[in-house]
1. What residues have an amide H closer than 5 Å to that of L621, excluding those fewer than 5 places away on the same chain, when H is modeled at 1.01 Å from N in the peptide plane?
2. For the stretch 446-457, what does the Karplus curve 6.51 cos²θ - 1.76 cosθ + 1.60, with θ = phi - 60°, yield as ³J(HN,Hα) per residue in whole Hz, taken in order and with x for Gly and Pro?
3. If each DSSP helix of 4+ residues adds -39,500 (n - 2.57) and the sum is divided by the residues in the chain, what number results at 222 nm, nearest 500 deg cm²/dmol?
4. Under the rule of at least 5 residues apart or a separate chain, name every residue whose amide H is placed under 5 Å from the amide H of N510.
5. Could you state how much accessible area D331 has, in square angstrom rounded to the nearest 10, with a 1.4 Å probe and all protein chains kept in place?
6. Between rounded, prolate and oblate, where does the chain land on the alpha carbon gyration tensor, with a ≥ b ≥ c its root eigenvalues, rounded for a/c under 1.5, else prolate if a/b exceeds b/c?
7. Holding the Cα-Cα limit at 31 Å, pick out from K142/K347; K369/K529; K139/K407; K292/K491 the pairs that are longer than that.
8. What translational D, rounded to a whole number of µm²/s, comes out for the stretch 155-273 from Stokes-Einstein when the hydrodynamic radius is the Kirkwood one over Cα pairs, at 10 °C and 1.306 mPa s?
Amino acid sequence: MKKTLFSLLFILITPSVLLAQVTTENDSITRLNEVIVIDTLTAKNAIGIVPSQIIGETTFSNYSPVDFISSLNQVSGLYALSGALNTNRITIRGVGSRTLYGTDKLRLYYNNIPITNGTGSSTIEAFDLENLTSVEVIKGPKGTGFGTNLGGAIILNTKQLSDQPTKFTNNTTIGSYGLFKNSLGFTHAEDNFYMTFQYGHMEVDGYRENNRFERDGYLLNTIFKLSKKSELGLLVNHIDYSAQIASSISQEDFNEDPTQAAFTWRASQGYEDNNYSLIGLSHTYYASPNLKNTTSLFYTYLDHYEPAPFNILDEFTNGYGVRTLFSGNLDISKNALFYTLGGELYKDEYNWQTFENLYQENEGNGSLKGDQQSKNKEFRNQINIFATASYSIIPKLTTQLGLNINKTQYDFRDLFNTGELNTSANRNFKALLLPSIDVNYAFTPTYQLYGNISRGFSNPSLEETLTPDGIINPDIVQETGTNYELGIEHKSEDDRNRFEIAFYLMPINNLLVAKRVGDNQYIGRNAGKTKHQGIDLDWSYRFNVSNKITISPFISYTYSNHKFLDFIDEEANEDYSDNALTGVPKNKINSGIQTNFGNGLFFNITHQYVDEIPLTDANTLYSDSFNLLNLKLGYKNQISEQLRIGLDFGINNLTDTKYAQSVLINASGFGGNAPRYFYPGNNINYYGGLKLNYTL
């Protein structure tokens with residue numbers, strides 16, 4: 001209660017909390033002298049009048065280039081938990097909160113290429129923040145052209161510079177825990193050709209034991225204009241990273257020493273090693289001023305190796321597919337009908353095998369591969385066909401109808417066991433028809449009222465489709481739900497004042513629950529219903545103190561009142577109906593002030609408040625609420641006609657708050673050990689950076 005009052009007091013005395021920051025495409029331009037053009041097929045083009053939220057350079061500049069998660073947390077309705085740089089879980093309006101590890105129940109795109117795997121899992125940590133121009137977030141299933149997942153969709157857009165000379169950029173960041181990050185970029189543009197190349201290296205020892213992270217990656221993004229009507233794009237993104245795993249710890253260990261790793265992970269020196277590649281080839285054709293088509297072919301590859309205390313996992317995934325989108329308009333009764341029509345086919349082949357981990361017999365030298373325990377392959381196919389049509393019935397009123405059809409199939413093959421022990425099986429989910437309707441009414445040129453009703457779904461994860469014995473569970477069905485949303489958007493004519501508030505209600509049926517029955521063993525089942533309801537509020541304002549000095553306060557506020565409607569644990573003989581949904585804070589606030597002094601000097605202060613989080617379905621245990629305060633000071637100057645320099649310095653967790661940056665819900669203790677619920681957040685830490693921009 002005291003922390004809640006502290007947070008509210010902070011809001012009352014800080015101008016930053018007067019309004020919330022609603023960032024748009026302009027976000028990517030505000031702090032730069034460059035002209036930035038987001039990819040020609042952004043989500044905005046594909047979702048029509050459906051509201052989404054975009055963060056870009058203005059938001060990214062509040063934080064260290066290592067801290068992708070804090071930037072995401074400035075989006076209302078979204079809460080990203082980060083146990084480590086390689087252990088992130090993104091929830092949107094409570095969807096995905098019951099996922100034990102990683103992110104699922106939403107769809108992730110990289111320049112409109114799907115990078116979510118066949119069972120719906122996404123790894124945001126595989127991508128470098130410094131390679132991005134903007135991040136677009138669609139909350140809930142209303143993004144008809146982007147999968148209609150219950151959690152929504154996140155679209156990562158890479159940098160594209162227009163009408164710029166050839167230039168080199170280099171950004172070096174150093175900081176606490178042995179942090180070193182360097183990003184080198186090259187951009188070249190001509191009339192019919194554009195290319196950017198980014199190479200990045202990062203390494204950090206981490207705040208905790210067994211917590212080192214290293215990553216190398218490169219991005220090549222090119223566009224060839226074949227003619228006035230046709231252009232070809234090539235995208236190549238590769239990431240190679242290795243990360244030690246400290247894992248979660250118990251309440252006692254958290255209170256005693258949050259820097260310690262879980263005992264078994266420290267003893268086994270557990271880690272993961274990943275190689276991830278994405279290749280995309282896209283063609284855009286402007287058939288006429290009223291019709292455009294973009295078609296992309298893509299291939300993804302992930303090689304993952306993870307020695308854990310309970311086994312050693314060796315896996316690789318090949319994914320490939322095609323996405324096409326037609327967009328255009330027709331004149332009907334003196335008004336234009338805007339439409340989109342498209343489809344997306346994604347197929348992947350997942351291969352994994354496990355081995356004994358004999359670390360206890362390795363004389364303190366960490367993990368040691370033993371006998372093979374399993375060998376499996378799974379083919380996963382997913383098809384999305386979608387269409388939207390929007391029409392202005394009267395000048396101020398626009399209506400949009402949408403439909404998404406999803407078909408998912410799993411083909412599991414046991415390559416280890418033979419005869420009666422073999423567990424190979426197929427799972428063919430029923431086709432889902434997922435409609436949506438949107439209405440937008442413009443009261444004035446600056447005020448709009450919108451409403452949405454949309455149907456969505458979530459596929460079971462791998463853990464939920466298989467029993468611990470490796471058998472496909474035939475009783476598991478997809479989660480389905482309907483989103484009801486009403487909101488108001490305001491943007492002043494001078495673009496200084498922005499405000500948005502959304503009220504939503506989304507009942508979800510066939511709640512997917514992964515019940516832990518052993519160390520890293522789970523049984524999936526559909527356990528009941530949940531009701532997701534809440535308020536997302538964003539506001540920002542720009543004060544012109546003088547001709548040179550501007551002050552921009554902002555706030556994003558999330559109110560989440562999510563509950564189980566019907567949830568009975570028959571094995572435990574417990575009724576959890578009407579309990580708060582596990583893993584979601586009721587209140588989340590992100591606020592701050594950005595100050596520009598006109599002479600290249602800027603100063604940003606940001607604050608985050610996260611309410612207590614229920615850790616068990618019975619609501620008998622909660623994490624502590626917490627407040628975080630971050631500062632960043634920087635200076636930019638054009639040294640010469642060709643050279644631009646930037647310096648910055650930042651402090652994270654200024655008050656040295658002890659807090660859990662991520663939690664594990666419904667944790668169980670095995671072998672007489674206490675349940676491990678908590679991933680400690682970093683203590684007070686520092687970073688500084690030097691950026692050089694040289695134009696030829």
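1. So L621 has HN proximity to L615, T616.
2. Each residue's phi maps through the Karplus curve to give 10, 10, 9, 10, 10, x, 9, 10, 8, 9, x, 8 Hz.
3. The helix contribution divided over the chain gives -1500 deg cm²/dmol.
4. G528
5. Probe radius 1.4 Å; accessible area of D331 about 130 Å².
6. Details: a/c = 1.33, a/b = 1.18, b/c = 1.12.
Verdict is rounded for the chain.
7. Values: K142/K347 24 Å; K369/K529 42 Å; K139/K407 22 Å; K292/K491 29 Å.
Violating the 31 Å limit, Cα to Cα: K369/K529.
8. Numbers: Rh = 17.3 Å.
Result for D is 92 µm²/s.
The values are calculated or read from the model by the stated rules, or taken from the named source; none is laboratory data. Source: prediction; values computed, not measured. A quick note on method: Cβ atoms are made from the backbone with ideal geometry, for glycine too, and the neighbour counts reach across all protein chains shown. Ligands, DNA and RNA are excluded from the accessible area calculation, which covers all protein heavy atoms including side chains. Shrake-Rupley method; radii C 1.70, N 1.55, O 1.52, S 1.80 Å.
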